[in-house]
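Trainee: Sharing a structure here in structure tokens format.
Where a number appears in this text, it was derived from the coordinates with a stated rule and is not lab data. Just so we're clear, the structure is a prediction, and the values are computed from it rather than from any experiment. No Cβ is skipped: glycine too gets one built from the backbone with ideal geometry, and neighbour counts run over all protein chains shown.
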Amino acid sequence: MTANNQPNPANFPLRFTWGVATSSYQIEGAAFEDGRSPSIWDTFCAAPGKVLNGENGDVACDHYHRLDSDLDLIQSLGVNAYRFSVAWPRILPDGRGQTNQAGLDFYSRLVDSLLTRNITPWLTLYHWDLPQVLQDRGGWPTRDTALAFGDYAEVVTAELGDRVKHWITINEPWVAAFMGYGNGIHAPGHTDLAESFAASHHLLLAHGLGVQAVRANVPGAQVGITLNLAAAYPATGSEADRAAAWRQDGFANRWYLDPVFGRGYPQDFVELLDRASPQAQGLVLPGDLDLVGAPTDFLGVNTYTRSVVEDAPGDGFLGARPLHVEGSEYTGFDWEVAPQSLTDLMLRLQKDYNPAAIYITENGATYPDTMNADGSVQDEARTRYFQQHIAAMGTALTGGAKMAGYFAWSLMDNFDWAEGYDKRFGIVHVDFETQARTLKQSGQWYRDFLARAQEGQPA
Ligand code: FCB
């Protein structure tokens, strides 16, 4: 890191992957067009009180109808990669079985248009929009959903594998499992610990089946999973707080990292979960852990913040309570700005798990933006956030972590799940009345930084 936390573009290899990221439900809109069936998010948004202001993704950024101009916008940033997700309900409206050609055509056109622009497509197979029909049959707590995902992965890899070489199986299984089935903040809104850990096992199984489909259908592919990870620190040096931080690490990080890297589930956490564990529920069948732990080409990491926890006996199943850190800056999501933790996390991942490569597949910040009278958005806090975190990634790279790429979250303001349109994460501002796109100061900074990084020139 250089003075004032400015990242040095010369610290990154010329072939580093630099991108922006989005996901289908958050930007596409066209929720009822061209044969798409409802996803669990359509249903959840329609239920009163689930999403802030009763908002939904029916229109979102209307990306489905603005594909060409949005791709021009992406190209104007000078990125060499774009991470997007495919909406399962557009491809298999019944969850499995009959494919919907119109859905495949949309993504095929997206991929071709990226390649024409010299932008490498990074395709995420699952970013939370499960076909509602599959939820009606039990959703992720049932094994069949993982098997259905295997079929879906087979269809998408067969169709796009000639052109897409970078595949992410599942985005953030922790969020899909725990926020979907454990605390109920996300679709489908269930609140049952055992169900959420059943879901976590089937999401990991789906990852394994996804890897298998990619290996079978895509010669020369790079495939991995994207986990949301946050380094966990004890509030004090006390034994009890250190144990609480280890439990938090088990919950958020090791529960997914250990099986993906072939070690099976962490035993301490299996014991902590007791009857809620997938083992106690009889869900871990012979062969599952081999499938989940099959070698991958990279680890995708979404990281935004860290957690600082204190021991809190009896506080939920975890007995750990997150704390606010005095003197720290917090983003609009109340997430602490902690760039040093990104460096710590990357170095720890390399040391403990030795991934072949690490890509930061999401990193960014939400703040309330204001558009000035001259039409500009001077999002200084977000700009600083990107600078500090890219610099922190550079420090990890220098320290030996195999950092290979970075995707800013997000290309543009979008539908942020339970928070609706309230939380803006874009480097491009979206006026949701007119759908006008305006590059924010953070976007201008990122574009200018990438121009220097790709020339290999020092700042
Ligand atoms: C991540 C999600 C992404 C977005 C950001 C803010 O958990 O993957 O869709 O909502 O958080």
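Trainee: Please state which of the following conditions ALA153 fails to meet, knowing it meets all the rest: (1) touching a helix residue (DSSP H, G or I) at 6+ places or on another chain (Cβ under 7 Å); (2) in a loop (DSSP other than H, G, I, E, B).
Mentor: That leaves (2) as the condition not met.
Trainee: Any residue at all in the range 259-278 that's within 16 Å of the ligand (Cβ to nearest atom), under 22 Å from the mean Cα position of the chain (by Cα) and buried (at least 18 other Cβ atoms within 10 Å of the Cβ)?
Mentor: no
Trainee: For the range 303-355, name all the residues that are surrounded by fewer than 22 Cβ atoms within 10 Å (Cβ to Cβ) and within 30 Å of PRO219 (Cα to Cα).
Mentor: Result: GLN350, LYS351, ASP352, TYR353, ASN354.
Trainee: Working carefully through the options THR296, THR343, find the one that is of a type in the set (Ser, Thr, Tyr) and not in a helix (DSSP H, G or I).
Mentor: Answer to the check: THR296.
Trainee: Name every residue in the range 60-106 that is within 20 Å of the chain's Cα centre (by Cα) and more than 25 Å from GLY420 (Cα to Cα), in order of residue number.
Mentor: Answer for the range 60-106, where residues must be within 20 Å of the chain's Cα centre (by Cα) and more than 25 Å from GLY420 (Cα to Cα): VAL79, ASN80, ALA81.
Trainee: Please go through the range 101-136 and give me each residue that is closer than 23 Å to ALA206 by Cβ, in contact with a His (Cβ under 8 Å, 6 or more places away or on another chain) and in contact (Cβ under 8 Å) with a residue 60 or more places away in the chain, ordered by number.
Mentor: TRP122, TRP128 - these are the residues of the range 101-136 that are closer than 23 Å to ALA206 by Cβ, in contact with a His (Cβ under 8 Å, 6 or more places away or on another chain) and in contact (Cβ under 8 Å) with a residue 60 or more places away in the chain.
Trainee: Something else: Exactly one of (1) of a type in the set (Lys, Arg); (2) surrounded by fewer than 18 Cβ atoms within 10 Å (Cβ to Cβ); (3) not in a helix (DSSP H, G or I) is unmet by ARG447. Its number?
Mentor: (3)
Trainee: Any idea which of (1) among the aliphatic types (A, V, I, L, M); (2) buried (at least 24 other Cβ atoms within 10 Å of the Cβ); (3) within 21 Å of GLY426 (Cα to Cα) is the one ILE119 doesn't satisfy?
Mentor: Tallying (1) among the aliphatic types (A, V, I, L, M); (2) buried (at least 24 other Cβ atoms within 10 Å of the Cβ); (3) within 21 Å of GLY426 (Cα to Cα), ILE119 fails exactly one: (2).
Trainee: Go through (1) within 26 Å of SER85 (Cα to Cα); (2) away from the ligand (no atom under 16 Å from the Cβ); (3) part of a loop (DSSP other than H, G, I, E, B) one by one and return the number of the condition TYR367 breaks.
Mentor: Among (1) within 26 Å of SER85 (Cα to Cα); (2) away from the ligand (no atom under 16 Å from the Cβ); (3) part of a loop (DSSP other than H, G, I, E, B), TYR367 violates only (2).
Trainee: Name the residues in the range 421-444 that are over 17 Å from the mean Cα position of the chain (by Cα), part of a loop (DSSP other than H, G, I, E, B) and not charged (D, E, K, R), would you?
Mentor: Once the filter is applied, which keeps residues that are over 17 Å from the mean Cα position of the chain (by Cα), part of a loop (DSSP other than H, G, I, E, B) and not charged (D, E, K, R), the range 421-444 yields TYR421, PHE432, THR434, GLN435, ALA436.
Trainee: Let me ask something additional. Looking only at the range 137-180, how many residues end up being free of Cβ contacts under 8 Å to residues at least 60 places away in the same chain, away from the ligand (no atom under 16 Å from the Cβ) and on the phi < 0 side of the Ramachandran plot?
Mentor: 12
Trainee: Any residue at all in the range 108-116 that's closer than 22 Å to LEU291 by Cβ and among the hydroxyl-bearing types (Ser, Thr, Tyr)?
Mentor: No, because not a single residue in the range 108-116 is closer than 22 Å to LEU291 by Cβ and among the hydroxyl-bearing types (Ser, Thr, Tyr).
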